[in-house]
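Encoded as structure tokens, the structure appears first; notes follow it.
The values are calculated or read from the model by the stated rules, or taken from the named source; none is laboratory data. Model, not experiment: these values are computed from the prediction. When we count neighbours, we look across all protein chains shown, and the Cβ atoms used for this are built from the backbone with ideal geometry, even at glycine.
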Amino acid sequence: MATMADVARSAGVSVATVSHVLNGTRPVLPHTRQAVLDAIDALGYAPNTLARSLVTSRTHSIGLAVSAVSNPYFTEILQGVEAAALDSGYSLLIADPHDDPRHERKVVQLLHERRVDGMIVAPSADPRELLAYLGRHDVPTVFLDRLVDPPAGSAPRFDQVCAENAEPTAGLVTHLTGLGHRRIGLVAGLPGLSTTSERVSGYRHGLAAAGLPHDERLVVHGDSDAAGGERATAALLSLAAPPTALVTANNAMTIGALRALRDRGLSVPDDIALCCFDDFAWADLFSPRLTAVAQPSKELGAEAVRILLERLAAPDRPARTVRLPCAFVHRTSCGCPEDPAPGGERQRAQNPPPQHRKGTAS
Ligand code: HPA
């Protein structure tokens, strides 16, 4: 196996120069740098990143802890993180805390002990142990998707990246009230997550904007997974006055809601209209095609890497929160009578969604 000394000899430079090219520790003249890279190529030299880390005390790795990596939303986030990390010469260590606060603290500790340069974490609904760990150890960390509130009165300590949640959810409700619905059920996510509370608050704003009262019985938590979505939908359907329309607050709960509706022989949108938070690759294959809010999943992942690398370069800059907009994907499960023009179904979610009024639902 070729060594650094072999590369240096072949390129006609010192071992130190090879090291500077590999580690970026000093500027190297372009033609010298190219000679080193050519020698590396010709000899098939593979740098020992562990040895390099001893010199730079950087591992050029990022730890990523996100729950439910099998959920397409998080899988796309992961793709965004991976591509952006690779572009900047970073590798990834991935862990799934399964939304379990204990497990979360453990995996974050393991990633830290692997000496990742920084971490991207989608915190669980109860991040107290996680925050205590990060408070004891100075690990540059970006929170992704779920925001963590700073203690009242204190400045945020962490960089955070998430999608808009409230406005797009309000937009779905406005779309349904515009179609005449007055009883709209919300299949809400796991309590304790900022995504859940923001989507619930968006739902309320949407109702208020239409002058509708808020009926607590129409909000049932589906715990962010398919089984929970099915249970919550069943509960909503067994109300004395069931909803005429449903908003499901994530993709997994949409699957659960569709199961509950199928089991009761209800058809969408004739018996009940459906609008979903989260678009996914096969949402347009359902019959009817699902009207949804699409999150910018890959961009969220890429943005988290960008902010983390900024933080590594400037450890003292103030923490900030970046929110990315969603898109309203207008299809037919909402009850609109026709498909929008081809290519015209996707709009920024904050704009008032289009209406195709078809009469009043009660
Ligand atoms: N957060 C935001 N969006 C989602 C989630 C989540 O945990 N799961 C599926 N869509």
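At a glance:
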{"read-out": "Index of the failed condition, Ser201 passing every other in (1) assigned to a loop (DSSP other than H, G, I, E, B); (2) surrounded by fewer than 16 Cβ atoms within 10 Å (Cβ to Cβ); (3) within 16 Å of the ligand (Cβ to nearest atom)", "value": "(1)"}
{"read-out": "Qualifying residue in region 220-227 (condition: charged (D, E, K, R) and not in a loop (DSSP other than H, G, I, E, B))", "value": "no"}
{"read-out": "Filtered residues of region 36-70 (kept if crowded, with 20+ Cβ neighbours inside 10 Å and either charged (D, E, K, R) or under 19 Å from the mean Cα position of the chain (by Cα) (or both))", "value": "Ile62, Gly63, Leu64, Ala65, Val66, Ser67"}
{"read-out": "Among (1) in contact with a strand residue (DSSP E or B) (Cβ under 8 Å, 6 or more places away or on another chain); (2) within 16 Å of the ligand (Cβ to nearest atom); (3) small (Gly, Ala, Ser) - the single one Ala245 does not satisfy", "value": "(2)"}
{"read-out": "Those residues of region 155-190 which are away from the ligand (no atom under 16 Å from the Cβ) and of a type in the set (A, V, I, L, M), in sequence order", "value": "Ala155, Ala170, Val173, Leu176, Leu179, Ile184"}
{"read-out": "Meets criteria (outside the structural domain of Leu78 (by TED's automatic domain parsing), on the phi < 0 side of the Ramachandran plot and within 16 Å of the ligand (Cβ to nearest atom)) for Gly228", "value": "yes"}
{"read-out": "Selection count where residues are in a strand (DSSP E or B) and touching a helix residue (DSSP H, G or I) at 6+ places or on another chain (Cβ under 7 Å), scope region 121-161", "value": "6"}
{"read-out": "Entirely in region 1-120, the helices (runs of 4 or more DSSP H) that have 1 or more residues that are away from the ligand (no atom under 16 Å from the Cβ) and at pLDDT below 90", "value": "15-23, 49-56"}
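For (1) at pLDDT 95 or above; (2) closer than 24 Å to Phe328 by Cα; (3) small (Gly, Ala, Ser), each residue gets a yes or a no:
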{"site": "Arg199", "(1), (2), (3)": "yes, yes, no"}
{"site": "Leu207", "(1), (2), (3)": "yes, yes, no"}
{"site": "His214", "(1), (2), (3)": "no, yes, no"}
{"site": "His221", "(1), (2), (3)": "yes, yes, no"}
{"site": "Arg231", "(1), (2), (3)": "yes, no, no"}
{"site": "Leu246", "(1), (2), (3)": "yes, yes, no"}
{"site": "Thr254", "(1), (2), (3)": "yes, yes, no"}
